1. Do any chymotrypsin sites (Phe, Trp or Tyr not before Pro) in segment 61-91 lie in a DSSP loop with no more than 15 other beta carbon atoms within 10 Å, and if so, which?
2. Quick one: if you take sqrt(5λ) for each eigenvalue of the C-alpha gyration tensor of segment 59-104, what semi-axes come out, biggest first, whole angstrom?
3. Given a 1.4 Å probe and the protein chains all in place, what does the accessible area of I108 round to, in Å² to the nearest 10?
4. At 222 nm, what helix-only mean residue ellipticity would the chain give, in deg cm²/dmol to the nearest 500, using -39500 (n - 2.57) for each DSSP H run of four or more?
5. Take a quick pass over the chain and tell me how many lysine pairs come in under 16 angstrom between Cα atoms, counting only ones 8 or more apart or on separate chains.
6. Counting only the heavy atoms of the protein chains, how much of K112 is accessible to a 1.4 Å probe, in Å² to the nearest 10?
7. Tell me the accessible surface of M128 in square angstrom (1.4 angstrom probe, heavy atoms of protein chains only), to the nearest ten.
8. Going from most exposed to least, what order do D106, D5 have by accessible area with a 1.4 Å probe?
Amino acid sequence: MTLRDGFDYAQTNPAWFIFFFVMLPVVALLVGWISKEEGINSPWCEIYGALIYLACVPGIFAVTLDIYLFLFERQSIFDSNLVLQVLPIISMVVTLQIIKHNVSLDLIPGFKKLSGLVMIIFFTISIMWIIDRTHIYAIAFLSFQAVLVIFVVLFLVVRYGWYLMVSK
């Protein structure tokens, strides 16, 4: 099964995906209503962490896919798949806002790792886009020191994102 096969399956059977992405904010609302002021205590903190990962991993993937399709594949925004490219992002934002209303996101275990992952993905796509846009003749006008400085700065930013992702 390829990624395209998975996307085709989601287009032909969108009910499961729609159900999943609609239920995430609903479950976050229910957990917030049940836990009341005890959201920072166990087991509610772990439940919030699971909800954040269930919402953010597909949401981050959808944002990354959208950026890739719009920057590299030149896909029109009118050709976007609502179930795979828009709904996960909306579900992620709504779920995070609901959880943020109930408990501080800094108290959720693993939330900083997601922030580091987003930073790594963003700068990796930025590096890929710069490499895609700069051609051999454009690099010839830059001095080697300038290219080296750009590379070192981008490397340090990716390294900092990695540090945020793997630190405790």
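1. When the chymotrypsin sites (Phe, Trp or Tyr not before Pro) of segment 61-91 are filtered for loop state and at most 15 Cβ neighbours within 10 Å, F72 remain.
2. For segment 59-104, the ellipsoid semi-axes come out as 26, 10, 6 Å.
3. 10
4. It lands at -25500 deg cm²/dmol.
5. Counting lysine pairs in the chain gives 4.
6. 130
7. Estimated to the nearest 10 Å², M128 gives 90 Å².
8. Listed by decreasing accessible area, they come as D106, D5.
The values are calculated or read from the model by the stated rules, or taken from the named source; none is laboratory data. If you're wondering where the values come from, they're calculated on a predicted model, not measured in any experiment. Note that we place each Cβ from the backbone using ideal geometry, even for glycine, and neighbour counts take in every protein chain shown. Side chains are part of the model used for accessible areas, which takes the heavy atoms of the whole protein and leaves out ligands, DNA and RNA. Shrake-Rupley method; radii C 1.70, N 1.55, O 1.52, S 1.80 Å.
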